[in-house]
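Take a look at the structure below.
The values are calculated or read from the model by the stated rules, or taken from the named source; none is laboratory data. These figures come from a predicted structure and were not determined experimentally. Heads up, the Cβs are rebuilt from the backbone with ideal geometry, glycines too, and the neighbour counts pull from every protein chain shown.
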Amino acid sequence: MSNHFDLEIKLEGQEDFKVRVSAYERDLIQDLEQIIKRNATRTVSAGKREAPVKTGILKKRIRAKDVSGQLNLPGSLARTVASRSPHRHLVELGTGLRKSRRGAKRGRMPANNFMARAEASVAPSYSAELRQRIQKRVEI
């Protein structure tokens, strides 16, 4: 005696489901882009507040830049914030003992982590916003 039987399964609404999933993905990406852009702007503002002002070049050149394409991400899902000033790393990280070309000692420059402080001041609210959006319940 054979235990053979035929079973037929019919899925209905598959196309509608695909459309809803696609819409959800599009909405999620748009929301994340807005959150990322808003927090990059906040980080720029915080960086300008924290930047040491001698000539103002560090402060004036703090910008947000979209780097999504470089990371092969869809939309505008990645931004970096930094001062485009040529001496920014010297101020941020400090220097060791410096000497002039003629050998005169110029001392050390202590680190002034102005961009790290700016990022740290924005990070908690940024993380909370991302977490809230990602955990948002949506019925598909």
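List the residue pairs whose Cβ atoms are under 6 Å apart, where the first residue sits in the range 28-46 and is more than 25 Å from E139 (Cβ to Cβ) and modelled with pLDDT of 95 or more, the second is surrounded by 15 or more Cβ atoms within 10 Å (Cβ to Cβ) and of a type in the set (V, I, T), and the two are 6 or more positions apart or on different chains.
The qualifying pairs are N39/V122; A40/V81; R42/V122; T43/V81; T43/V122; V44/I62; V44/V81; A46/V122.
Output the residue which, of all residues in the range 81-124 that are hydroxyl-bearing (S, T, Y) and surrounded by 13 or more Cβ atoms within 10 Å (Cβ to Cβ), is nearest to V44 (Cα to Cα).
Here the residue is S83.
Which residues, counting only those in the range 87-118, are in a helix (DSSP H, G or I) and out of contact with any Ser or Thr (no Cβ under 6 Å at 6 or more places or on another chain)?
R88, H89, L90, V91, E92, L93, F114, M115, A116, R117
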